[in-house]
Amino acid sequence: MIIATQAYQITWEKLPDDYILPDDPADNIYQPAQASALTESLQLAGKLPPSCLTTTNYGICATVNGKIVIKAPDWAYIPEIRGTKKEVFRSYTPELQGDK
C-alpha cells in the first residue's frame, strides 16, 4: 500500500482589489433564515462586540501553494477583526485581518 502525502504551503495574503468574486445565490433556500437566526441570537445575548464580524456566503481567503483559495460558508462568526469592517468588505483573510 502506498500512501501519498502532499505538503501545503499556506500564506495569508489580502485578496487583490481586482479579483472577481462569484455572486452565486445560496443553494439552500433556508440558509438566509438560519444565518439571520444565528446572528440575532448572538445579538440578543449581547455577544456581538463592535470588532466582530458575522457573514453569510462571504469569501474567506487563503493562498495555498501559491493559488488563491476562497471558501464561502453559509454563516461564519469571526470574534475579532483588525482594522475596520470597510477593510473586510469584499473578503476576509484569517491571520492577516483578525482571528482564525
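The angle between the Cα long axis of helix 31-44 and the longest principal axis of the Cα atoms of the chain comes to about 60 degrees, rounded to the nearest 10.
Here is the list for region 14-100: chymotrypsin sites (Phe, Trp or Tyr not before Pro) lying in DSSP coil, each with at most 10 other C-beta atoms within 10 angstrom of its C-beta, are TYR30, PHE89.
When the chain is treated as a GNM with alpha-carbon contacts under 10 Å, the residue of THR39, THR84, THR63 showing the greatest mean-square fluctuation is THR84.
Between ALA45 and GLN6, the C-beta separation translates, for a Förster distance of 25 Å, into a calculated FRET efficiency of about 0.05. For region 21-100, applying the loop criterion from DSSP together with a ceiling of 15 other beta carbons within 10 Å to the GluC sites (Glu not before Pro) yields GLU80, GLU95. Largest GNM mean-square fluctuation among ALA35, ALA45, ALA62, using the chain with Cα springs under 10 Å: ALA45. Placing unit charges on the Cβ atoms of the charged side chains and taking the dipole of the chain about its Cα centre, the candidate lying farthest along the positive direction among SER51, PRO73, TYR92 is SER51. Spin-label pair ILE20-ILE68: with each label point 7 Å from Cα along the Cα-Cβ axis, the two points sit 1.2 nm from one another.
Every number here is computed from the coordinates shown, using simple stated rules; none is lab data. In this text, all values refer to a predicted model and were calculated from it rather than measured experimentally. Reconstructed Cβ throughout: ideal geometry from the backbone, glycine too, with neighbour counts over all protein chains shown.
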